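The values are calculated or read from the model by the stated rules, or taken from the named source; none is laboratory data. Quick caveat, the model's predicted, so the values are computed rather than measured. Neighbour counts are summed over all protein chains in view; Cβ atoms, including those assigned to glycine, are modelled from backbone coordinates with ideal geometry. Areas reflect the complete protein model, heavy atoms only, side chains present, ligands, DNA and RNA absent. Shrake-Rupley method; radii C 1.70, N 1.55, O 1.52, S 1.80 Å.
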Amino acid sequence: HGHAANERGLRELVGELAIASPRFRGLWAAPSPRGPVRPGTCFFHPDIGELDLRTEIFPISSAPGQRLVAQPAEPGSRSADALVLLSTLAA
């Protein structure tokens, strides 16, 4: 139930951004913007335990020398479920 609501919210957000921004539409329609993937990193959180995350690095073309670093969990993994739990604990 919560997963479907999250997906619906994400679709609505993408729709709003696509309507408001031609640049966003172009970027969203482009091939996957996935950056170079680095080996995984393991973190320990006191409330949810161990998290195995991968590291993706994206250069920011409008800000040379700067990068966006994302550390997502693999979809469907225990770490992904733990991150969802963590988001509810923080709310």
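Give the ranking of ILE19, ILE48 by solvent-accessible surface, highest area first, calculated with a 1.4 Å probe. If you can, show how the numbers build up before the last one.
Details: ILE19 140, ILE48 20 Å².
Greatest to least solvent exposure: ILE19, ILE48.
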Please turn the phi angles of the stretch 47-58 into ³J(HN,Hα) values with the Karplus equation 6.51 cos²θ - 1.76 cosθ + 1.60 (θ = phi - 60°), one per residue in order, whole Hz, x for glycine and proline.
8, 10, x, 6, 10, 9, 10, 9, 10, 10, 10, 10
Lys and Arg at +1, Asp and Glu at -1: add these up for the other residues within a Cβ distance under 13 Å of ALA73 and post the number.
-3
